[in-house]
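See structure below.
Bear in mind these aren't lab numbers, they're just calculated from the coordinates by the rules spelled out. Just so we're clear, the structure is a prediction, and the values are computed from it rather than from any experiment. No Cβ is skipped: glycine too gets one built from the backbone with ideal geometry, and neighbour counts run over all protein chains shown.
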Amino acid sequence: MLSRLGSLARMVVLAAVYSTVGAAIVLVVVFVVYLNGRPDLNVWHLADLDEEFRADAGINTFTDYLALEERLFRQLDQLVYAKIPSDQKTEINRYNRGSLSDPARWKPGWNRSFELTAKSPKAGILLLHGMSDSPYSLRQLGQRLNAAGAQVLGLRMPGHGTAPSGLVELTWQDMAAATRLAMRHLAAQIGDRPIYIVSYSTGAALAVHYVLAALEDNTLPQAERLALLSPAIGVSSVAALAVWQGRLGHLLGLEKLAWNVILPEYDPFKYGSFAVNAGAVVYQLTNEIQERITTLGQAGKLGGLPRILAFSSVIDATVSTPALVSGLFERLPANGHELVLFDINRVTEMEPLMKWDPDEVIQVLQQGSGQNFTLSVVTNETEQSREVIMASKNPGSNVPSVERLRLSWPDDVYSLAHVALPFPPNDPLYGGRPAGKSPGIRLGNIALRGERGALEVSASDMLRLRWNPFYAFVEARVLNFIGLGEPQESGQKL
């Protein structure tokens, strides 16, 4: 009897295992069929641009980096621009020469690394852009810093500014190696003057990684201070799992599975398509940062970290704002660090429609006085006013100081967005209030109307805020933070 029961139990277990495995296989097959049923890949998804910089490429100077970059863009012309079929030569195809989206309409070529020199530079500034972006994203800040007397280097990260295929094989080590080359070059250009890093999104993660590495390697030029915009310090762990999608596609010979998003390429300076590897790279980089902070913290070395000023939207669909607090600011010893958070526009009363709860972050202001950094929140002066104030809570204080900024929310904007922070309202490409004169396409105020699901680009992507109504405040704070601003009152103390 017991033997029969044991056999029956084994049969039940085996049946459950087979059912589970079978269900998993069915789900994988359905998943693969769904992903492979997306739009066809184009030449810009498949081009093998082997002139791209790699960490192990044997490039030891930034001059050589620029020479390699020149060869890379010639290769881009040969393997992408020269090979698009006639039916893709449309007015909003980035890779159609002469189209409204052709980057060549903008002068100079903002997809490339650039240097803005100063006769007697007061400082050196390294600009680091984000994942899938280009040096264009920080050009406005770079030009303003140069006008204030800084020598500015805008670095094009490997895999960027060319074709989305550059993201498929990219590693964070490639970007970190390029950052080190740029810092050494800038240090050689300005001598004993201070160097600051101004960075955006993944570029901010690279900036933090660099200064952590410099605490252990005294051969690296030191950064005096860091200014971070929408910093990617914490991302979803789903990014780590996504890389298996690409590996499965490689195993099965299905190239579409290497892509998280396949979209038309209509933006001159940012990829529409996004490789699963790119998300995995950011995840790996942020994990590396956490491990280094832990190691350096245990060794008592974090006190040597440069002062950090960061700006982030409370609502950010790309990176985790709470992780920015818990993964960076709360782990650092006191050194004058400050995090500026942009709250939602409370006048719109959009909270009941939101998937987000911005109060989870904002409530830190009402907590105890344990933090080692200044937390500032830009928010409505009252729930009936579009005018904004900045409430700042300093270390050791339970009562926030309040300052009027003499700025206000636009009527139809309910929050900032990850991609908005570096761009002024009059940016010629991404601006909207009013948009500056553009030599080509304008993307800041797209609001096409029609039936849902008809366009390859979703309505939510088109309506995502691309410019910052508080850009003037961000720019002034950055310039003052690095000692290049004019003495002025940014607002009125209350």
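Net charge of the neighbourhood of Pro425, taken over other residues with C-beta under 11 Å away and scored Lys/Arg +1, Asp/Glu -1, is +1. Computing Rg and the Kirkwood Rh from the Cα coordinates of the range 108-168 gives a ratio, Rg/Rh, of 1.04. Cβ-Cβ distance of Ala55 and Gln222, R₀ of 25 Å, FRET efficiency by 1/(1 + (r/R0)^6): the value works out to about 0.70. Could you calculate the FRET efficiency of Val399 with Ala299 from 1/(1 + (r/R0)^6), where r is the beta carbon distance between them and R0 is 35 Å, rounded to 0.05? For Val399 and Ala299, the calculated efficiency is 0.50.
Of all aspartates and glutamates in the structure, the ones whose alpha carbon falls short of 19 Å from that of Lys89, not counting any fewer than 8 places away in one chain, are Asp40, Asp77, Asp102, Glu265, Asp267, Glu456.
Once the Cβ-Cβ distance of Glu451 and Glu91 is raised to the sixth power relative to R0 = 25 Å, the FRET efficiency obtained is 0.65. Bridging of Lys119 to aspartates and glutamates at a Cα separation below 17 Å is possible for Asp192, once same-chain residues fewer than 8 apart are set aside. In the structure shown, the pairs Lys107/Lys270; Lys122/Lys301; Lys107/Lys256; Lys270/Lys437 are assessed against 22 Å; a Cα-Cα span above that value is assigned to Lys122/Lys301; Lys107/Lys256.
Sorted largest first, the spans of the alpha carbon positions of the range 104-228 along the three principal axes are 40, 37, 21 Å.
Across the range 148-153, computed HN-Hα scalar couplings (Karplus, 6.51 cos²θ - 1.76 cosθ + 1.60, θ = phi - 60°) run 8, x, 9, 8, 10, 10 Hz from first to last residue, x flagging Gly and Pro. Couplings for the range 302-316, taken from phi via the Karplus curve 6.51 cos²θ - 1.76 cosθ + 1.60 with θ = phi - 60°, read 5, x, x, 5, x, 5, 10, 10, 10, 10, 8, 7, 4, 9, 9 Hz in order; Gly and Pro are left as x. DSSP finds beta bridges in the range 40-295, and of those with both partners inside it, around 25 percent are antiparallel.
Backbone amide hydrogens, once placed in the peptide plane, bring Ala232 within less than 5 Å of Ser201, Thr202, Ala204, Ala205, excluding anything fewer than 5 places away on its chain.
Between Asn335 and Asn287, the modelled label-to-label distance comes to 2.6 nm, taking each label 7 Å out from Cα in the direction of the beta carbon. What is the range 40-295 by shape, rounded, prolate or oblate, if you read a ≥ b ≥ c off the alpha carbon gyration tensor as root eigenvalues and call it rounded for a/c under 1.5, prolate for a/b larger than b/c, and oblate otherwise? The shape class here is oblate.
Placing a label point 7 Å from the Cα of Leu46 along the Cα-to-Cβ direction, the residues of the range 73-108 whose backbone N falls under 12 Å of that point are 84-85.
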